[in-house]
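Asker: After the structure tokens below, expect a handful of questions from me.
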């Protein structure tokens, strides 16, 4: 299999183990390895501690991204597809045609905020690594800001607030960044309509 | 190689309370707050910078973005993966092919789909052409910002030659939609290699001309040397990657990090690094990167392998037209792919590449169906704008323009 | 006498349209190419001077997608232009919203300013924009008033 993004490196399970040693076993709720990428699910209240540890002791000096995802309706009816088994593309597997392959639940709550970290200057070339830290939250929960650990999270968090409605506690400037200041609602949520105009004569015969 | 003294960087502190906004510290009642409004002559796009000036010195700065927010990420959720590809080059519209490649690579990573060797080499060729396009526009508009309008005409003349190459291969000058999931859409036409080979010495000649125009120009040097110094530690704290980081001496380039991705693994690319960290170094890095791009293009043409240009996995890629006349299976594949699209197994992937601006990648969250669940672009320009306030503390207004030109944000990338 | 004087005025207006360099997104790149590239030189049509301020320009080329946040500045800029003023909607996004049918993009800039010429394309080739300019020149020379005549300007 071709490795399409080598800067991920080997999944850094060692960092996960050392996090467990430092903060106790409950700090990592789940480890997910998918396509060579390691994602660690951690509780919402441990986010700052974990990121501080990763920056100071593990050498993850670059915050690549803070992404917010809305999983509302994730396990709804997916358009039926053919040619694969229920766990993905296996071209030799005989399929039950037309039946949807419903994915397993991605996580316990509606929103996921993932932080992708990268080792850039703390390692020599050939040893760059990435790691994804993910927290799950519901609509009314808030998450602490990462600005004190990684200042580059500023605009990413403002965008997550603006477009997804996730509140970052402690952010000094949490206001809308991409939408107009008086916009109502959070557009990238799954229950927000796509908008636009109906094309003329769409319903006429 | 000369041994250089380790450079002593000025200490740069992260601004408080907000890292990306500068607040005036004095209560001088004569401070003037002006608006470098969404419409201004330097074409980085529609960026609004609210500055507070003490005379001509910048003491306060706030970036307001969102004037070209297009909601592309939400639009993509409504489309199948193929139909989503035309949306992505319109985000970073200067290095447009990088956008297409990043999206296709993320989808291929999620699918675990192998791309044929020739397609990888063609993709590298066009990524380098897109990088040339972006840096040419950067250089042209950057020099207009600094007042030297002549370079604009030179750069846009060369840009037309680059766009001719894109047009030869797919018909459209910008936003070619040439990259496909599984490879590229069509093979290089006859005569492409000859024209591309004529382009290489032309471009080298052009780059020499640019060096002659601005390399020793005392006004240019006076306006760019020592202005907007960015230390590597501060750049890391603010999340900068790409030419801005390399201008501060950090040799981090995704085309070579851990070996590189795609065909860069076979091409042995060395990152272009400068030591100055100021506006001048950022301009020099991009000019040298243009030279490196031309060298890479020549290497790619010399070593281009033969073979198929797209994967032959019929569950993802359309079968060739002639097969539709004879094979029932191909017809069914074609039908399902066109009407419903291919499905991608559920999971989250992130596959970054090196665009002209820095680390550029798509977070792709698939749900097992034919449409992506969520697509998010890790936009390098959004991160760059955060450091504008810190870089512009205490500089003249004219230097603010120079710094903004040198860090090279593209507002389509910021606002998406 | 009056008609030939009018004819001269129209010819003068048509052959000296100073564009307002208003680039929003990708179409702006092709617009700059039209203005500054030797191949599609628009100066030969009289658009020698591209002004950065609307108060000194005749033709506003809206090149790129118009977000709701940007609609107010565009309207303000349009109102700062002096009569006779013309608007060209360059590209699919400013004509009708383009491929972006969503919450954030105005489905056509003609919802806020009156448009004289629509140039389709995504992005349109610089030659297409030049043809749009020529169509506008023909319109002016044949006496069709600018679309701004139907607008009641506020302020």
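Coordinate-derived values only; no laboratory data. Just so it is clear, the structure is predicted and the values come from calculations on it, not from any experiment. Counting neighbours? That spans all protein chains shown, and the Cβs are built from the backbone with ideal geometry, glycine included.
Asker: Report the Cα centroid-to-centroid distance between region B:250-317 and region B:97-157 in angstrom, as an integer.
Answerer: Result: 10 Å between the Cα centres.
Asker: Taking chain B as the reference, fit the longest principal axis to its C-alpha atoms, fit the long axis of helix B:117-146 to the helix C-alpha atoms, and give the angle between the two in degrees, 0 to 90, nearest 10.
Answerer: 30
Asker: Nearest 0.05, what FRET efficiency do residue B:164 and residue B:332 give at R0 = 30 Å with Cβ-Cβ as r?
Answerer: Numbers: r = 40 Å, r/R0 = 1.32.
Step by step, r from the Cβ atoms, then E = 0.15.
Asker: I need the shape label for the protein assembly as shown. Rule: rounded when a/c is under 1.5, else prolate if a/b > b/c, else oblate, with a, b, c from the alpha carbon gyration tensor.
Answerer: Details: a/c = 1.40, a/b = 1.20, b/c = 1.16.
Verdict is rounded for the protein assembly as shown.
Asker: I've got another one for you. Across the residues of B:234-243, average count of Cβ atoms on other protein chains within 10 Å?
Answerer: Details: counts 1, 4, 9, 8, 6, 13, 2, 4, 0, 0.
Average per residue, whole number: 5.
Asker: Just tell me how shielded B:152-163 is by partners: mean number of partner chain Cβ atoms within 10 Å of each residue's Cβ, no decimals.
Answerer: Numbers: counts 4, 5, 2, 2, 10, 5, 1, 5, 6, 1, 0, 6.
So the per-residue partner count for this stretch is 4.
Asker: Which of A:192, B:87 comes first, and how do the rest follow, when ranked by fewest Cβ neighbours within 10 Å?
Answerer: In order of increasing Cβ crowding within 10 Å: A:192, B:87.
Asker: Please sort B:163-174, A:17-28 by packing, taking for each peptide the average over its residues of neighbouring beta carbons within 10 angstrom, highest first.
Answerer: Working: B:163-174: 18.2, A:17-28: 13.8.
Highest mean packing first, the order is B:163-174, A:17-28.
Asker: Same structure again: Using only alpha carbon pairs under 8 Å that are at least six residues apart, calculate the relative contact order of chain C and give it in whole percent. Please report the intermediate quantities before stating the final value.
Answerer: Numbers: 281 pairs, mean separation 37.6, N = 155.
For chain C, the relative contact order is 24 percent.
Asker: What order, most packed first, do the peptides C:117-124, B:350-357 have when packing is the mean number of other Cβ atoms within 10 Å of each residue?
Answerer: Details: C:117-124: 20.6, B:350-357: 27.9.
Result, highest mean first: B:350-357, C:117-124.
Asker: Using 14 Å as the cut-off for backbone N distance, which residues of region B:49-86 belong to the label zone defined by a point 7 Å from the Cα of residue B:30 along Cα→Cβ?
Answerer: Answer for this model: B:53-57.
Asker: Using a 10 Å cut-off around each Cβ of peptide C:29-37, what is the average number of partner chain Cβ atoms that fall inside?
Answerer: Values: counts 12, 3, 1, 8, 8, 1, 3, 11, 9.
The shielding value for this peptide is 6.
Asker: Moving on. Grab the alpha carbons of region B:72-378, take their convex hull, and tell me the volume per residue in Å³.
Answerer: Looking at region B:72-378, the number lands at 130 Å³ per residue.
Asker: Right, something else. Got a sec? Which residues in region B:153-173 would a label at residue B:190 touch, if it sits 7 Å along Cα→Cβ and we count backbone N under 19 Å?
Answerer: Residues passing the 19 Å test: B:168-171.
Asker: Can you tell which of B:156, B:126, B:362 shows the greatest fluctuation in a Gaussian network model of chain B with Cα springs below 10 Å?
Answerer: Residue with maximal mean-square fluctuation among B:156, B:126, B:362: B:156.
Asker: So how do C:125, B:374 line up by other beta-carbon neighbours within 10 Å, fewest first?
Answerer: On the way: C:125 19, B:374 23.
Starting with the residue having the fewest Cβ neighbours, the order is C:125, B:374.
Asker: Mind ordering A:7-16, B:337-346 by average Cβ neighbours within 10 Å, highest first? Walk me through the numbers before you get to the answer.
Answerer: Details: A:7-16: 18.4, B:337-346: 20.3.
Answer by packing, highest mean first, reads B:337-346, A:7-16.
Asker: Considering Cα pairs under 8 angstrom that are at least six residues apart, work out the relative contact order of chain B and quote it in whole percent.
Answerer: On the way: 771 pairs, mean separation 105.3, N = 416.
The normalised contact order for chain B reaches 25 percent.
Asker: Here is a follow-up. If contacts are Cα pairs under 8 angstrom and at least 6 residues apart, what is the relative contact order of region B:1-134 in percent?
Answerer: On the way: 129 pairs, mean separation 18.8, N = 134.
Reported as a whole number, the value is 14 percent.
Asker: Still on this model: Hey, rough spin-label estimate for residue B:77 and residue B:54, points 7 angstrom out along Cα→Cβ, what's it come to in nanometres?
Answerer: About 4.6 nm, to one decimal.
Asker: In degrees, nearest 10, range 0 to 90: what is the angle between the Cα axis of helix B:328-339 and the longest Cα principal axis of chain B?
Answerer: Taking Cα atoms only, the helix is inclined about 30 degrees.
Asker: Also, I was wondering about something else. For q = 0.08, 0.15, 0.17, 0.18 Å⁻¹, what log10 I(q)/I(0) does chain C give under the Debye formula with an equal point scatterer on each alpha carbon and no solvent?
Answerer: -0.21, -0.74, -0.95, -1.06
Asker: Let me ask something additional. Inverting the mean 1/r over all pairs of different Cα atoms, compute the Kirkwood radius of region B:26-71 and quote it in Å. Can you show the working numbers first?
Answerer: On the way: mean 1/r = 0.0856 Å⁻¹.
Computed over Cα pairs of region B:26-71, the Kirkwood hydrodynamic radius comes out at 11.7 Å.
Asker: A further question on this structure: Given the -39500 (n - 2.57) contribution per DSSP H run of 4+ residues, what per-residue ellipticity at 222 nm results for the protein assembly as shown, rounded to the nearest 500 deg cm²/dmol?
Answerer: Working: 24 runs with 274 residues, N = 776.
The helix-only estimate for the protein assembly as shown comes to -11000 deg cm²/dmol at 222 nm.
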